[in-house]
Amino acid sequence: MRDRLLVATRKGLFTLSAQSGWSLSPPEFVGEPVSMVLTDPRDGTLYAALNLGHFGVKLWRRRAGEADWSECAVPVYPLQPESLPEAEPGNPPVAPWSLQQLWSLEAGGADQPGRLWAGTIPGGLFCSDDGGDSWSLNRPLWDRPERLGWFGGGYDYPGIHSVCVDPRDSRHVTVAVSCGGVWQSRDDGASWTCTSTGMHANYMPPERRDDPNIQDPHRLAQCVGQPDALWVQHHNGIFRSSDGGALWQDVVAPTSSFGFAVAVHPHEPDTAWFVPAVKDECRIPVGGRFIVHRTRDGGQSFDALDAGLPPPPVYDLVYRHGLAVDDTGQRLAMGSTTGGLWLSENGGDQWQCLSTHLPPVYAVRFG
């Protein structure tokens with residue numbers, strides 16, 4: 001069981017631990033937007049990505065056993081060609097070759113010491129093999145002609161917010177792009193295939209509704225114990241795959257199938273959690289009731305979990321990375337846009353409020 005919780009917020013990085021009764025530590029990077037945080041399970045190194053606006057994106061690293069942070073390299077795009085391909089009629093403008101945000105950060109496999117993957121806005125996937133000392137853009141994905149059809153989902157440009165490394169084979173990497181669908185590589189990033197078949201995008205004209213390349217997965221999660229089981233919280237619903245993403249099936253939740261976050265039980269592929277919201281117009285809890293959906297049967301039925309959560313009316317929204325489950329599948333954490341932070345020790349049946357006055361929460365992770 002992971003006894004440390006990391007909370008990345010609009011105004012700093014907070015750490016809580018079970019040993020201290022889940023009390024908040026003083027923030028690190030106080031006042032600065034922390035867009036992503038990662039504890040490398042292989043060596044305990046902690047990484048924090050900052051988005052400082054005018055001063056750009058920064059990446060900091062603290063090795064296990066050390067007290068101080070040190071700044072390391074950030075992904076840098078190659079020099080943008082003087083002439084870029086023109087966007088096709090009806091397609092969005094071509095994204096610039098410059099780092100806007102480090103939106104996802106994941107460790108490579110156990111057999112890849114030093115390997116890190118970083119997903120960015122505007123849609124680039126970067127790789128480091130030296131623990132963040134240097135980065136290289138994955139050109140096979142960036143140079144795919146389909147990328148010119150990607151577009152932003154909430155941001156001006158597309159972004160890679162989810163990276164899953166298959167624990168059986170580190171060369172098998174799956175990423176989700178908003179908006180650009182789900183892509184997979186089975187050769188360590190040398191080639192890529194779009195695997196979004198079965199998803200649908202009702203925000204597009206009918207003739208493009210099923211186009212795999214314009215799907216908007218809000219978040220992708222993989223069952224560690226059975227990696228062929230994948231779940232996606234999509235702009236147009238919840239989708240599940242039991243064959244590694246070859247085919248996706250639509251799952252309908254009772255309150256709302258719209259939301260941003262998803263967490264999957266590490267050992268039970270049919271168990272997943274979601275945080276429903278009103279679609280598109282409001283993006284608040286449905287009817288002002290803040291709940292967590294849980295399915296234990298692959299989406300055939302759902303429990304509405306709200307014990308310990310605030311009573312209506314509530315206006316908290318949970319971002320893509322604002323819901324996490326630890327390696328037991330019993331301990332969950334959830335942070336919201338209005339600074340709420342909750343913990344459950346029993347799979348979501350009961351929630352404990354840890355804070356109501358944090359800055360907006362971007363990401364929560366155990367580690």
Does the stretch 273-290 include one or more residues that are without any contact (Cβ under 8 Å) to a residue 60 or more places away in the chain, more than 18 Å from Gly339 (Cβ to Cβ), part of a strand (DSSP E or B) and under 15 Å from the mean Cα position of the chain (by Cα)?
yes
Count, please, the residues in the stretch 204-240 that happen to be in contact with a Lys or Arg (Cβ under 9 Å, 6 or more places away or on another chain), over 20 Å from Phe258 (Cβ atoms) and surrounded by fewer than 23 Cβ atoms within 10 Å (Cβ to Cβ).
2
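Could you list, in sequence order, the residues of the stretch 258-272 that are part of a loop (DSSP other than H, G, I, E, B) and within 18 Å of Asp297 (Cβ to Cβ)?
His265, Pro266, His267, Glu268, Pro269, Asp270, Thr271, listed by residue number.
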Some residue of the stretch 136-143 being touching a residue at least 24 places away in the same chain (Cβ under 8 Å) and among the charged types (D, E, K, R)
no
Taking the condition assigned to a loop (DSSP other than H, G, I, E, B), crowded, with 16+ Cβ neighbours inside 10 Å, at pLDDT below 95 and small (Gly, Ala, Ser), does Ala67 pass?
no
Considering only residues that are free of Cβ contacts under 8 Å to residues at least 60 places away in the same chain and farther than 21 Å from Asp303 by Cβ, look in the stretch 344-367 and name the one that is surrounded by the fewest Cβ atoms within 10 Å (Cβ to Cβ).
His357
Name the one entry in Gly124, Gly159 that is within 18 Å of Asp188 (Cα to Cα), modelled with pLDDT of 95 or more and not β-branched (Val, Ile, Thr).
Gly124
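The values are calculated or read from the model by the stated rules, or taken from the named source; none is laboratory data. Computed from a predicted structure; not experimentally measured. Heads up, the Cβs are rebuilt from the backbone with ideal geometry, glycines too, and the neighbour counts pull from every protein chain shown.
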